[in-house]
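The values are calculated or read from the model by the stated rules, or taken from the named source; none is laboratory data. Fair warning: this is a prediction, and the values are worked out from it, not measured in the lab. Here Cβ is always computed from backbone atoms with ideal geometry, including for glycine, and neighbour counts include all displayed protein chains. Areas reflect the complete protein model, heavy atoms only, side chains present, ligands, DNA and RNA absent. Shrake-Rupley method; radii C 1.70, N 1.55, O 1.52, S 1.80 Å.
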Amino acid sequence: MPLIWSAISAHGYGHAAQVIPVLNELGRRIPSLTIVLRTDVPSHFFEARMTVPWELRPARLDVGCLQHGPITMDWDATWQAHRRFHAHWETRLKEEATAILESGADLVIGNNPYLAMAAGAAAGVPAVALASLSWDEILDEHVDQTQPWQHAILEDMRRAYGQATLLLRIAPGLPMPAFPRVKDIGPIATPHPSARDRLRAHLQIPNDEALVLLAFGGIPLEHLPFDRMESMPGIRFLIAGPVPPQSRRIRSISSIAEPFSTLLSSVDVVMTKPGYGTTIEAVAVRTPLVYVRRHDFADEASIVPYLRQYGRGVELSREDFLNARWEPAIRDALTSPEPALPPPACTGAADAAAYLLPFLHNRTGTPCNS
């Protein structure tokens with residue numbers, strides 16, 4: 001019975017969202033497949049999404065980035081957290097390699113903890129990165145030139161990534177030159193059909209009012225301007241988290257029995273940061289985006305051009321977002337034209353499975369169903 005050790009960064013939920021469709025596709029082709037999820041992403045995120053047998057073994061495999069809410073990065077704190085993480089690198093590497101060996105894993109798939117790549121190599125198990133970014137690429141432009149230890153950490157990251165058997169680079173993705181062998185695959189998303197009429201009936205929203213979904217990923221917004229949101233005529237909002245009593249125009253996602261992907265395809269506008277999962281899925285279902293850039297997170301350099309080419313996006317400045325001047329951008333998004341080009345097909349899960357099946361076949365010695 002083949003087993004995959006799936007190491008997933010817990011920096012938000014986007015990394016898990018990229019991996020799950022691939023694991024499900026592999027499970028469809030190999031009915032006996034089982035998965036160990038090696039991550040601090042909470043189990044509830046996987047429960048409604050995974051269709052293949054899985055077990056969660058919590059562990060912190062990387063630092064990612066430290067943030068104050070979804071759009072404010074704290075690079076000093078991030079570097080200090082990496083320094084603490086790397087102070088025990090050899091111990092972490094030995095423990096993770098031992099855990100992989102003891103599990104009997106046939107393949108390590110990482111998105112994208114560099115520790116997992118090095119541990120897979122140490123355990124003698126093929127280690128494949130499946131990702132649109134790598135942490136060395138994210139941190140590279142934030143190195144303090146007066147701190148040599150930051151350069152040393154970057155080099156440690158790159159050496160670890162360099163031990164990967166293969167990188168499956170998800171489109172649109174960063175270059176990631178630390179990986180010696182790269183194969184490009186299509187975008188990964190699992191768009192759902194629209195349930196617009198059902199959602200509006202449930203929420204009792206008239207057809208002449210716009211419904212806006214606030215979707216800033218797994219790192220929640222710390223504050224929302226509820227009074228200003230209530231004062232925007234003709235606009236209703238869906239948010240994660242609690243809603244003040246007596247709200248007329250704001251509802252919590254928790255009150256709606258629909259998957260997030262169904263909400264994304266059913267609303268009129270999504271307000272978000274340009275993260276991978278929400279952006280690619282919104283482009284696929286033609287939902288307009290109002291997006292707030294961080295400007296200091298490297299993967300925006302690949303995601304924003306993709307949105308501009310294939311989607312309907314209106315940028316809202318950070319200042320206007322923080323001061324709740326949202327209404328003009330929302331109305332611009334509602335009237336934004338359809339793009340001239342259709343979006344690329346979301347073939348990434350099937351593409352990845354085609355590359356990964358031979359690793360499982362070679363390890364198990366048994367044929368894999370296609």
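Would you tally the residues in the stretch 174-199 being in a helix (DSSP H, G or I) and of a type in the set (K, R)?
To start, the set of residues in the stretch 174-199 that are in a helix (DSSP H, G or I) comprises 196-199.
Now drop any that are not of a type in the set (K, R), which leaves 196, 198.
The number of residues fulfilling the criteria is 2.
Would you check which residues across the stretch 153-171 are out of contact with any helix residue (DSSP H, G or I) (no Cβ under 8 Å at 6 or more places or on another chain) and under 20 Å from T78 (Cα atoms) and list them?
The answer is E155, and nothing else.
Table: residues versus (1) aromatic (F, W, Y); (2) open to solvent by 60 Å² or more (accessible area, probe 1.4 Å); (3) assigned to a helix (DSSP H, G or I).
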{"residue": "H142", "(1), (2), (3)": "no, no, no"}
{"residue": "R158", "(1), (2), (3)": "no, yes, yes"}
{"residue": "L168", "(1), (2), (3)": "no, no, no"}
{"residue": "P206", "(1), (2), (3)": "no, no, no"}
{"residue": "F216", "(1), (2), (3)": "yes, no, no"}
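Limited to the stretch 218-229, what total is found for residues that are more than 14 Å from S252 (Cα to Cα) and not in a loop (DSSP other than H, G, I, E, B)?
2
Listed residues A195, A240, A257; which is among the hydrophobic types (A, V, I, L, M, F, W, C), at pLDDT below 95 and touching a helix residue (DSSP H, G or I) at 6+ places or on another chain (Cβ under 8 Å)?
The conditions single out A240.
Please find, within the stretch 97-140, the residue that is farthest from A301 (Cα to Cα) out of those that are charged (D, E, K, R) and open to solvent by 10 Å² or more (accessible area, probe 1.4 Å).
Within the stretch 97-140, the match that is farthest from A301 (Cα to Cα) is E102.
For the stretch 4-112, please list each of the helices (runs of 4 or more DSSP H) lying entirely inside it that holds at least 1 residues being more than 17 Å from the chain's Cα centre (by Cα), closer than 27 Å to D156 by Cα and among the acidic types (D, E).
Those helices (runs of 4 or more DSSP H) span 75-86, 89-103.
Where residues in the stretch 237-247 are open to solvent by 30 Å² or more (accessible area, probe 1.4 Å) and closer than 21 Å to R198 by Cβ, which of them is farthest from the chain's Cα centre (by Cα)?
Here the answer is V243.
Do you know which residues across the stretch 352-370 are at pLDDT 95 or above and either open to solvent by 50 Å² or more (accessible area, probe 1.4 Å) or over 28 Å from the mean Cα position of the chain (by Cα) (or both)?
A354, Y355, P358
List the number of the failed condition for A210; all other conditions in (1) modelled with pLDDT under 95; (2) touching a Gly at 6+ places or on another chain (Cβ under 9 Å) hold.
(1)
Being among the aromatic types (F, W, Y) and crowded, with 19+ Cβ neighbours inside 10 Å is true for just one of F85, F46. Which residue is that? Walk me through it before giving the result.
Details: F85 fails: crowded, with 19+ Cβ neighbours inside 10 Å.
Result of the check over F85, F46: F46.
Can you tell me which residue is nearest to L316 (Cα to Cα) among those in the stretch 248-258 that are open to solvent by 20 Å² or more (accessible area, probe 1.4 Å) and out of contact with any strand residue (DSSP E or B) (no Cβ under 7 Å at 6 or more places or on another chain)?
Top of the filtered list is R248.
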